[in-house]
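Data first, discussion second: the structure below is written as structure tokens.
The values are calculated or read from the model by the stated rules, or taken from the named source; none is laboratory data. In this text, all values refer to a predicted model and were calculated from it rather than measured experimentally. Reconstructed Cβ throughout: ideal geometry from the backbone, glycine too, with neighbour counts over all protein chains shown. SASA here: full protein model, heavy atoms, side chains in, ligands and nucleic acids out. Shrake-Rupley method; radii C 1.70, N 1.55, O 1.52, S 1.80 Å.
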Amino acid sequence: MSLKSTDLPAPAPARKLRPTRTAGRFSLPKRPAGTVYRGGEGMWSWVLHRITGVAIYFFLLVHILDTALVRVSPEAYNAVINTYKNPIMGLGELGLVAAIGFHALNGIRIILIDFWSVGTRNQRLMFWIVIALWAVLMLGFAPRHLMHVFGGE
Amino acid sequence: MSTLIVDAVEAPTQSSISDLEAGPPGSFVVTLIIRRFIPEIDEEPRWQDFDVRVLPTDRILDALHKIKWEQDGSLTFRRSCAHGICGSDAMRINGRNRLACKTLIKDLDPTQPIYVEAIKGLPLEKDLIVDMEPFFESYRQIQPFLQASGNPVRERTQSVAARERFDDTTKCILCAACTSSCPVFWTDGQYFGPAAIVNAHRFIFDDRDEAAKVRLDILNDKEGVWRCRTTFNCSEACPRGIEVTKAIQEVKQAVLRGHA
Ligand code: HEM
Ligand code: SF4
Ligand code: FES
């Protein structure tokens, strides 16, 4: 067994570091956990991809259950679907479309990174193309959808 | 007698104060906020501020030296070459992994405090030092040495084009900036990590080497190349400018093909 520096006995009595006048501004743990890593487009696109992926998964779970209700009774199905027709659910649908839109477009970006020979070199550009396409998609969808939700037909 | 002793104790402090007040032309005072951890006295890491007089062309390593030599000798970090060759001093500076010896003060924002902390995902030993053993263990597992048969009487020649195939990945200095910038590695310490894959790439695509399949097998593992989620943190962190993610993708494709 080799000895590591941390195996050395603690100095006794525990020596207090003498704060010098210039150095000694001991800060209380502001962020003892460390800083958030400042990754670039690649890291944040991955964070978003995972969040949207998991969110879509849970939506799909509920969606399969409510659709399966048709097999139980059409009335029960209609009852459940009718509860979706309120503004909160309407906003939820907007979020869902936004999440699927980003996940699908960024999924294509990841596939290109995986299989296109210069995909890794262009990942940053492709990220911004994804954002642009997503913005166009949402600009087309959001106004119409919100009119349906809040305009009452 | 007693005054003499007091003088001796006070002297360094006073010199560092006057050093802060005046200094070489063009110098200024910058605050470094360093994440300290001394296992003998700290239960948890803590942040500590230091004011240091620096030149814009000084490196973070110079500022750390000044702190250690003039203000607080207990500050602990690794460095050997101080010129970006040995790979000793990767640390997280303002939220990004870099070599302290290759990061100039002027390339950060010196009007703001500069945060310095140890790289993440490896066991913290003391201050800016982590236990690199798990990192080197992954490195050893991919068999980072030439494996060729025969007993040549001369050097094994290689065409320029064949050498070019893996040129990028020969530049690695094993600093761990890439591996410890990887979100997958932070949460799954078993993942081989970018550096091991980079060094596997260096031999997998070397046409003199005969063990590419062995290494592809090793990396075709649940903790191997397939853990990579292409976040590109490694490529951005590498102080040698290696296209790390590209190398990983090339190894993934070689695994799918079954050969280099
Ligand atoms: C609309 C078409 C879709 C495309 C093009 C797509 C594409 C992708 C791709 C390429 C990945 C791999 C990410 C990586 O390697 O880092 C991925 C991950 C994932 N997808 Fe999708 N996906 C789609 C729909 C969905 C749906 C419907 C769900 C939910 C049921 C979903 C949930 C997930 C999850 C949870 C991940 C894992 C994220 C991670 O590992 O970081 N995706 N998707
Ligand atoms: S690939 Fe780059 S960042 Fe990773 S260990 Fe080698 S030199 Fe350091
Ligand atoms: S001290 Fe050797 S790489 Fe920085």
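Annotations for the structure displayed:
- In the set B:Asp188, B:Asp168, only one residue is of a type in the set (Asp, Glu), surrounded by 18 or more Cβ atoms within 10 Å (Cβ to Cβ) and touching a helix residue (DSSP H, G or I) at 6+ places or on another chain (Cβ under 8 Å); that residue is B:Asp168.
- Residue, farthest from ligand 1 (Cβ to nearest atom), within the stretch B:152-181, restricted to residues that are assigned to a helix (DSSP H, G or I) and hydrophobic (A, V, I, L, M, F, W, C): B:Val160
Rundown of residues vs (1) at pLDDT 95 or above; (2) farther than 21 Å from B:Cys175 by Cβ, yes/no style:
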| site | (1), (2) |
| --- | --- |
| B:Gly26 | no, yes |
| B:Leu32 | yes, no |
| B:Phe50 | yes, yes |
| B:Ala118 | yes, no |
| B:Glu125 | yes, no |
| B:Glu133 | yes, no |
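- Qualifying residue in the stretch A:68-86 (condition: small (Gly, Ala, Ser), under 19 Å from the mean Cα position of the chain (by Cα) and open to solvent by less than 70 Å² (accessible area, probe 1.4 Å)): no
- All positions within the stretch B:38-68 that are assigned to a strand (DSSP E or B) and at the interface with chain A (Cβ under 7 Å from one of its Cβ atoms): B:Arg46, B:Trp47, B:Gln48, B:Asp49, B:Phe50, B:Asp51
- Any hit, the stretch A:88-95, residues being in contact with an Asp or Glu (Cβ under 9 Å, 6 or more places away or on another chain), in a helix (DSSP H, G or I) and more than 16 Å from ligand 2 (Cβ to nearest atom): no
- The single condition among (1) of a type outside the set (Gly, Ala, Ser); (2) surrounded by 12 or more Cβ atoms within 10 Å (Cβ to Cβ); (3) in a helix (DSSP H, G or I) that A:Thr120 does not meet is (3).
- For the stretch B:211-260, the candidate set comprises residues that are within 16 Å of ligand 1 (Cβ to nearest atom) and on the phi > 0 side of the Ramachandran plot; within that set, the residue that is nearest to the chain's Cα centre (by Cα) is B:Phe232.
- Any hit, the stretch B:200-215, residues being crowded, with 22+ Cβ neighbours inside 10 Å and in contact with a strand residue (DSSP E or B) (Cβ under 6 Å, 6 or more places away or on another chain): no
- Sole residue being outside the structural domain of B:Pro239 (by TED's automatic domain parsing), under 22 Å from B:Ala177 (Cα atoms), open to solvent by 50 Å² or more (accessible area, probe 1.4 Å) and part of a strand (DSSP E or B), chosen from B:Arg79, B:Arg98, B:Arg92, B:Arg35: B:Arg98
- Leading residue by the ranking (farthest from ligand 2 (Cβ to nearest atom)) among those in the stretch B:225-260 that are open to solvent by less than 20 Å² (accessible area, probe 1.4 Å), assigned to a loop (DSSP other than H, G, I, E, B) and farther than 18 Å from B:Leu174 by Cα: B:Thr230
- Pairs linking a residue in the stretch B:178-189 that is more than 13 Å from B:Thr230 (Cα to Cα) to a residue that is of a type outside the set (S, T, N, Q), with Cβ atoms under 6 Å and 6 or more positions apart or on different chains, are B:Ser180/B:Ile119; B:Ser180/B:Lys120; B:Ser180/B:Gly121; B:Trp186/B:Lys120; B:Trp186/B:Gly121.
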